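Each remark here refers to the structure printed beneath this line.
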Amino acid sequence: MLREIHRYGELTRAELTTSLGLNRSTIGDLVGDLVRRGMVDEHVPGGGDKAGRPSHVVAPRPDGPYVLAVELDVERIVSAAVGLGGRVHVRRETTIVEPAPGEVVDRIAADALALAAEMPASATLVGVGVSAPGTVHVTEGLVVHAPNIRWRDVPLGQALAERLPGLDIRIGNNANLGALAEHQRGAARQMRDVVYVTGSVGVGGGVIVDGTLLQGSNGYAGEIGHIMLDPDGPSCHCGSNGCVETIIGEHALLRYAGVTDLGPAAVAAVLADAERGSPRAAEAVVRVATSLGRTLAILINVFNPEAVVVGDTLAEILRIECATIERELAHRAKAESRAVTPLITPALGRDSALIGASELAFQHVLASAV
Ligand SMILES: [Zn+2]
């Protein structure tokens, strides 16, 4: 029942009866139990004079249990106290460039205290979820390789456990958590099979199979950016060459456009030039779109998703050069899959990894019963 209330934010007793397949008196007993434990509240919807007795609405209490969600990025750390139902109660953001592991652990521990001080006294912290910009061994909580912040084999989960004792601490890859967030609370909310591809400098993704995030045996699954597209392509930080990331990432776009500057402003300028019809920029966008279409064809053929969510700079490529992508898909994805696979954009924006981190924490908390 808690999982249902968490997923939908609030539900009526009638909806819970239907979705859980239990009788009304059992639902009443269970709701009563959660109310006594301080996790949910019940209220009768006011207003109107509808015929019949309105069904009670069951909703998470704002002073009930919450998780600490953290997004560790190349230039910032965002921490948030997130309650049942995915409600972000309070958040803190710190600018920190290429942070060392010690700094990150100190910051997260300090944020946990500061956020707790802003929460109601009865609210209890029940778990921690951290999004890291790299490869994560999920059962060991180890950040194996995060090239953009120059981390290798950092035991982040263990270091946090020493500072935040007694809490369930989970670390995940940012793109995997973005996929989880879009599936739980975003553009793919009603779907069971979804592929999520996001790209700026790096290209990553996540795959939801039958409603569950595909993690692989260690948590390394979903490395869409390192599918090899061109055996003679540019070398990649992973040790291979011709990876998707080296062909459709922002650095490739800038290289194709003949721009030597790096960074978001340079990328935005190329995209704007392409939209204005400047030939070199437009050609650069077409090159990226062509390879993006090939990558999506591979993913559609392998996973047969209900939709592919395309995010960040790649969403801009999709918007500007959709025709090229569709042409590649028409050529390379199997017709029966392609015909039923829309390309959509994320609904959660910049906070998707943060929301995914909160969902990761809640998954484990809810599985073990709060
Ligand atoms: Zn690679």
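Read the figures in this text as sums done on the coordinates, not as results from a lab. All values derive from a computational prediction rather than experimental measurement. Every residue, glycine as well, gets a Cβ built from its backbone with ideal geometry; the counts of neighbours run over all protein chains shown.
General remarks:
- The Cα-based radius of gyration of region 1-89, divided by its Kirkwood radius, gives an Rg/Rh of 1.10.
- Sorted peptide list for 192-205, 173-186, 318-331, criterion being average Cβ within 10 angstrom, highest first: 173-186, 192-205, 318-331
- Using a Förster distance of 35 Å, the FRET efficiency for LEU113-HIS331 (Cβ separation, nearest 0.05): 0.05
- Net charge dipole size for the chain [Lys, Arg +1 and Asp, Glu -1 on Cβ; Debye, nearest 20]: 660
- With the convex hull drawn over the C-alpha atoms of the chain, the volume per residue is 168 Å³.
- Normalised by the number of residues in region 10-70, the mean separation of alpha-carbon contacts (under 8 Å, six or more apart) gives a relative contact order of 39 percent.
- When you restrict to C-alpha pairs under 8 Å that are six or more residues apart and normalise by the size of the chain, the relative contact order lands at 15 percent.
- Summed residue charge, Cβ within 9 Å of THR290's Cβ, Lys/Arg positive, Asp/Glu negative: +1
- Protection proxy ranking for 57-69, 118-130, using the average of other Cβ atoms within 10 Å per residue and placing the highest first: 57-69, 118-130.
- Environment charge of ALA257, counting only residues whose C-beta is closer than 15 Å and scoring Lys/Arg +1, Asp/Glu -1: -3
- ³J(HN,Hα) computed for each position of region 224-230 - Karplus, 6.51 cos²θ - 1.76 cosθ + 1.60, integer Hz, glycine/proline x: 4, x, 10, 5, 7, 9, 9
- Diffusion constant of region 245-370 at 37 °C, which comes from Stokes-Einstein with the Kirkwood Cα-pair radius and 0.692 mPa s, µm²/s: 204
- Once the C-beta distance of ASP29 and GLU103 is scaled by a Förster radius of 35 Å, the resulting FRET efficiency is 0.10 to the nearest 0.05.
- Three-way shape label, region 147-248, alpha-carbon gyration tensor, a/c 1.5: oblate
- Peptide packing: for 273-279, 239-245, the average count of neighbouring Cβ atoms within 10 Å per residue gives the ranking 239-245, 273-279, highest mean first.
- Convex hull volume of the Cα atoms of region 72-172, normalised per residue: 94 Å³.
- Global geometry of region 126-187, whether rounded, prolate or oblate, following the gyration tensor of its Cα atoms and the 1.5 cut on a/c: oblate
- Computed from Cα atoms, the angle from the helix 101-118 axis to the main principal axis of the chain rounds to 40 degrees.
- Radius 13 Å from Cβ of ASP111, net charge of other residues (Lys, Arg +1; Asp, Glu -1): 0
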